[in-house]
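Data block below; observations after.
The values are calculated or read from the model by the stated rules, or taken from the named source; none is laboratory data. Since this is a predicted model, take the numbers as computed values, not measurements. Backbone-built Cβ (ideal geometry, glycine too); neighbour counts: all protein chains shown.
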Amino acid sequence: MTSYAKGDKVEVWSNSQKAWCTDGLVLEAPHIDCEIDGYAIPAGAVKVTSSAGTKWILPDQVAEVLRKVQGDGLDPLPTPALTGPSSPPGKETRSGMCKMGCSRPVQPGLTRGMKAFDTCCKKCAQGKGGHDANCGGSAAPLGRKDTSLLEDPRSWLNGLLSSEETLNKHVSKVLASAGKDGSLTAELAKEAVSRHLLQPIGITLQVNDRAASEWVSTYGTGGVLDKAAFTKLAQVLIQDRLQAWFPEKLCAQIHNFVRKNPVANVESVYEVGRLLGEGSFGKVYDVKHRVSGESRVCKKIAKLKGKIGMKVEEILQEIESMAMLDHPNVIKVYEYFEDKESVSQIMEPCCGGELQDKINDVFQKGQPRYAETFVCDVMKQTLRALAFMHSHNFMHKDLKPQNIMLVSKDSSSIKVIDFGLAELFEPDQKHSDAFGGTLLYMAPEVFKLKLEFKSDIWSAGVILYNLLTGDYPFMATWPLPKGKTMEWWQSELTRSIQEDRFRDNKLLPSWSPESLDLLRITLEKDVRNRPEAAGCLEHPWFTKHEAAPPPLSVGVTQCLEAYALQPEMKKAIFLLIAHMCTAPALQELRAIFTHFDVLNRGALSLSHFREVLFKSGMASLQVERITHALDQDKSGAVTWTEFLAAALCVSVCRNRRLVEAAFSVFDKDGDGKVSLEDFSDYFALGDEREVWLRHLPRQLQIIGDKGPDGKYTKVAFSDRFVVSKRIGARFLRSNLWSTLANAWASGSVFCGCTTS
């Protein structure tokens, strides 16, 4: 490998520009492990500056992104293999093939930056020749590590601290393993702690001599530790590990992030673009958040005046319903504004239009018919959204193609919208007598005022019929026969829905028998025989069209581990950012999330998610720390945005605009400063208020010292989150850097002792 020295002229590969920057200059190139600018720098790392910016390049990346300029020529050694005669890496990469030109397919999955891998394996990406053993999928995937002989870390640690007898028995085993029953010198205490104290959970500790000497002087007498003293030491160390690995959780809930913006004028926060649509009570605009640059939509609804507009309480109820439903197939609401004339909902954009438009394009405008896989995918997502809503006691009540939006024109990803009629059932409530919905999509029991969750399944069946035929399964004569009124039409349609079998259609036989069977059971008139949403998702039709499960790739698991190491305050802010931003690789992350949601409840059960992490090759302690960290709302499951917060924690820290947008949430007056009270007003809510107020002062130390006015500045806040500043080291690839950063971030440096 080429060596570099300070002052060397180099070319630097820029991923953002997809080109070599020819104006590169080496600023630092240490040949030994050292500390520079307050960071631990490994030997072989290179700090360069170019038109793409200033950055550190780690040793295992140098060959891929750096090449030396020698006189008028380039040193060819560090230049990676190319995809063509003169193509730099990535410039002309064939779809699905390694950018290094080795003619192998790229590895599946996502990197830590939530981008699809563009090389076949790590070894090939380094440009040194050769491939990893599992390159191209030839090797078996990582299997679960043998943890059958290990204790569950959290339960075991808690068990020792809660039972004096259990702790004494364990200390006796530790001393026996160390060959002593007491009278431990500093050297023997060091061995007992490092090798034996946490052996049942597979953890060894690295202890320095100074720490061991301090233990003896603090807890011992006469220069040694007797059994009682060692027991006290063990209790202190175990308590320290439990608090470091499983800190008291500061609960954060997504629905608390959706609130009224104190600024009355929506135009001061968003750039308002073109009018997207107009309805009876309001208009929908394309908008862009001024700070983050995120694209959103603004639904401006006129307040009720006379007979025009909507009641404010009805508008706010719809916002509350959307805020409660955190699912990848349910439209997300961010915030709302209120002035004298209207309430403006700010929601995520769906650029593909209504599902109804897609149906009309095929059956009315003659466009090519979509594939059955499209229909299957749309129905699967719709039923998953319903399964999630019903598990949270929400009934939509107005499901129809107009209330299903396509995320983009060229994908089948959908979002369920319009919760104006949605009803939240009480925990023991079985039925509702609140009539509502769209007549063509109403289930038979609706007319008997016995609405239940399965009424939404009927509506989904009507949507399936729409998708297959472009028509309706139940319809009264239209246009109206001579002498008949709309009242007659509505009455006849109501009768047909309750009494008739759904209509035959000449297009139905062209679809698969499995799809028609699902249609039949969703349009079952007897609600007792109609399946629930989760039952529908077990239908063979979905199994037939099931895609290959996406991998929980190394990049994603590393992000989950990095997130678990963060202080509680940072986890809460990452959750806020995940709620606010449009995630990179959103489709891939949604596929991962929904694949592991085996219960179709819109959340990953902790017990099953543990198995997923074990199968990715993680050790017990890693698994327990991740599951503890991701369950931010203490629900016993990992929700969609909780998963996103962990998966995006690395890429978010490369986006200053998103970090500053998070700060603006707390900075209500826009003066670039926030106080402890600003954070407490946002996070310290309800039953969690006391816990947050107790922890907030210490947690806010991660931002830095307060100014003379007792407030924290936007600059200090951003510098603690943006990767090029304070937290960059913990996300870098070097094993040395990762070890040091993990120990620092997790608080595992205690009395000179670090986890191995």
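Can we say Tyr712 is outside the structural domain of Asn261 (by TED's automatic domain parsing), buried (at least 18 other Cβ atoms within 10 Å of the Cβ) and touching a Gly at 6+ places or on another chain (Cβ under 9 Å)? Before you say what the answer is, go through the steps one by one.
On the way: outside the structural domain of Asn261 (by TED's automatic domain parsing): yes; buried (at least 18 other Cβ atoms within 10 Å of the Cβ): yes; touching a Gly at 6+ places or on another chain (Cβ under 9 Å): yes.
Here the answer is yes, as Tyr712 does meet what is asked.
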Exercise. Give the stretch 221-251 a look and list any residue that's more than 23 Å from Leu693 (Cα to Cα) and of a type in the set (Lys, Arg), or say none.
Key: Lys227, Lys232, Arg241
Quiz item: Gln558 fails exactly one of the following numbered conditions: (1) at pLDDT 90 or above; (2) buried (at least 21 other Cβ atoms within 10 Å of the Cβ). What is the number of that condition?
Solution: (2)
Self-check item: Tally, over the stretch 400-430, of residues that are modelled with pLDDT under 90 and touching a Cys at 6+ places or on another chain (Cβ under 8 Å)
Solution: 2
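Results for (1) of a type outside the set (Asp, Glu); (2) over 27 Å from Ile592 (Cβ atoms); (3) at pLDDT 80 or above, shown as yes or no for each residue.
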position	(1), (2), (3)
Val106	yes, no, yes
Ala125	yes, no, yes
Leu149	yes, yes, no
Ser155	yes, yes, yes
Thr166	yes, yes, yes
His170	yes, yes, yes
Asp181	no, yes, no
Quiz item: Hey, Val638 hits all of (1) under 30 Å from His539 (Cα atoms); (2) buried (at least 23 other Cβ atoms within 10 Å of the Cβ); (3) out of contact with any strand residue (DSSP E or B) (no Cβ under 9 Å at 6 or more places or on another chain) but one; which does it fall short on?
Solution: (3)
Self-check item: Index of the failed condition, Glu335 passing every other in (1) part of a loop (DSSP other than H, G, I, E, B); (2) at pLDDT 95 or above
Solution: (1)
Practice problem: Among the numbered conditions (1) touching a residue at least 60 places away in the same chain (Cβ under 8 Å); (2) out of contact with any Asp or Glu (no Cβ under 9 Å at 6 or more places or on another chain); (3) hydrophobic (A, V, I, L, M, F, W, C), tell me where Val333 comes up short. | Solution: (2)
Quiz prompt | Conditions (1) out of contact with any Ser or Thr (no Cβ under 7 Å at 6 or more places or on another chain); (2) without any contact (Cβ under 8 Å) to a residue 60 or more places away in the chain; number of the one not met by Phe374 | solution = (1)
Practice problem: Select from the stretch 271-329 the residues that are crowded, with 17+ Cβ neighbours inside 10 Å and at pLDDT below 90 and list them in ascending order. | Solution: Phe281, Gly282, Gly309
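Residue-wise test of (1) on the phi > 0 side of the Ramachandran plot; (2) part of a loop (DSSP other than H, G, I, E, B); (3) at pLDDT 95 or above; (4) in contact with a Phe, Trp or Tyr (Cβ under 7 Å, 6 or more places away or on another chain).
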site: Ala661; (1), (2), (3), (4): no, no, no, no
site: Asp669; (1), (2), (3), (4): no, yes, no, no
site: Asp678; (1), (2), (3), (4): no, no, no, yes
site: Arg689; (1), (2), (3), (4): no, no, no, no
site: Pro697; (1), (2), (3), (4): no, no, no, no
site: Gly710; (1), (2), (3), (4): yes, yes, no, no
site: Leu740; (1), (2), (3), (4): no, no, no, no
Self-check item: Residues satisfying the stated conditions in the stretch 680-703, i.e. farther than 14 Å from Cys251 by Cβ and within 27 Å of the chain's Cα centre (by Cα)
Solution: Asp681, Arg698, Leu700, Gln701, Ile702, Ile703
Exercise. Return a yes/no flag: does the stretch 356-370 have any residue that is assigned to a loop (DSSP other than H, G, I, E, B), in contact with a strand residue (DSSP E or B) (Cβ under 7 Å, 6 or more places away or on another chain) and closer than 30 Å to Ser510 by Cβ.
Key: no
Practice problem: Would you be able to say whether some residue in the stretch 429-446 is more than 34 Å from the chain's Cα centre (by Cα) and of a type in the set (S, T, N, Q)? | Solution: yes
Practice problem: Being on the phi > 0 side of the Ramachandran plot and within 12 Å of the chain's Cα centre (by Cα) narrows it down to one of Ala585, Ala603, Ala578, so name that one. | Solution: Ala585
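Return the only residue of Val174, Val224, Val216, Val207 being crowded, with 16+ Cβ neighbours inside 10 Å and under 23 Å from Ser155 (Cβ atoms). Quick ask: steps written out before the conclusion?
On the way: Val224 fails: under 23 Å from Ser155 (Cβ atoms); Val216 fails: under 23 Å from Ser155 (Cβ atoms); Val207 fails: under 23 Å from Ser155 (Cβ atoms).
Among Val174, Val224, Val216, Val207, only Val174 is crowded, with 16+ Cβ neighbours inside 10 Å and under 23 Å from Ser155 (Cβ atoms).
So that you can scan it fast, the table gives a plain yes or no per residue for (1) part of a loop (DSSP other than H, G, I, E, B); (2) surrounded by fewer than 16 Cβ atoms within 10 Å (Cβ to Cβ); (3) not assigned by TED's automatic domain parsing to the domain that holds Ala603:
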site	(1), (2), (3)
Pro473	yes, no, yes
Pro479	yes, yes, yes
Trp488	no, yes, yes
Arg501	yes, yes, yes
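Answer with yes or no whether Arg528 is under 27 Å from Val378 (Cα atoms), free of Cβ contacts under 8 Å to residues at least 12 places away in the same chain, basic (Lys, Arg) and out of contact with any Pro (no Cβ under 8 Å at 6 or more places or on another chain).
Details: under 27 Å from Val378 (Cα atoms): yes; free of Cβ contacts under 8 Å to residues at least 12 places away in the same chain: yes; basic (Lys, Arg): yes; out of contact with any Pro (no Cβ under 8 Å at 6 or more places or on another chain): yes.
Spelling it out, Arg528 is indeed under 27 Å from Val378 (Cα atoms), free of Cβ contacts under 8 Å to residues at least 12 places away in the same chain, basic (Lys, Arg) and out of contact with any Pro (no Cβ under 8 Å at 6 or more places or on another chain).
Can you list the helices (runs of 4 or more DSSP H) lying wholly within the stretch 553-608 that have 3 or more residues being of a type outside the set (D, E, K, R) and within 18 Å of Arg657 (Cβ to Cβ)?
568-580
Every residue, every condition in (1) within 22 Å of Glu588 (Cβ to Cβ); (2) outside the structural domain of Asp471 (by TED's automatic domain parsing); (3) in contact with a Ser or Thr (Cβ under 7 Å, 6 or more places away or on another chain); (4) surrounded by fewer than 21 Cβ atoms within 10 Å (Cβ to Cβ), yes or no:
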position	(1), (2), (3), (4)
Lys397	no, no, no, no
Ser413	yes, no, no, yes
Glu423	no, no, yes, yes
Glu426	no, no, no, yes
Exercise. Give the residue that is nearest to Ser413 (Cα to Cα), with candidates limited to residues of the stretch 578-615 that are touching a strand residue (DSSP E or B) at 6+ places or on another chain (Cβ under 7 Å) and of a type in the set (A, V, I, L, M).
Key: Ala585
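Name the one entry in Trp489, Trp511 that is aromatic (Phe, Trp, Tyr) and over 44 Å from the mean Cα position of the chain (by Cα).
On the way: Trp511 fails: over 44 Å from the mean Cα position of the chain (by Cα).
It is Trp489.
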Exercise. Go through the stretch 509-527 and count every residue that is surrounded by fewer than 17 Cβ atoms within 10 Å (Cβ to Cβ) and of a type in the set (A, V, I, L, M).
Key: 2
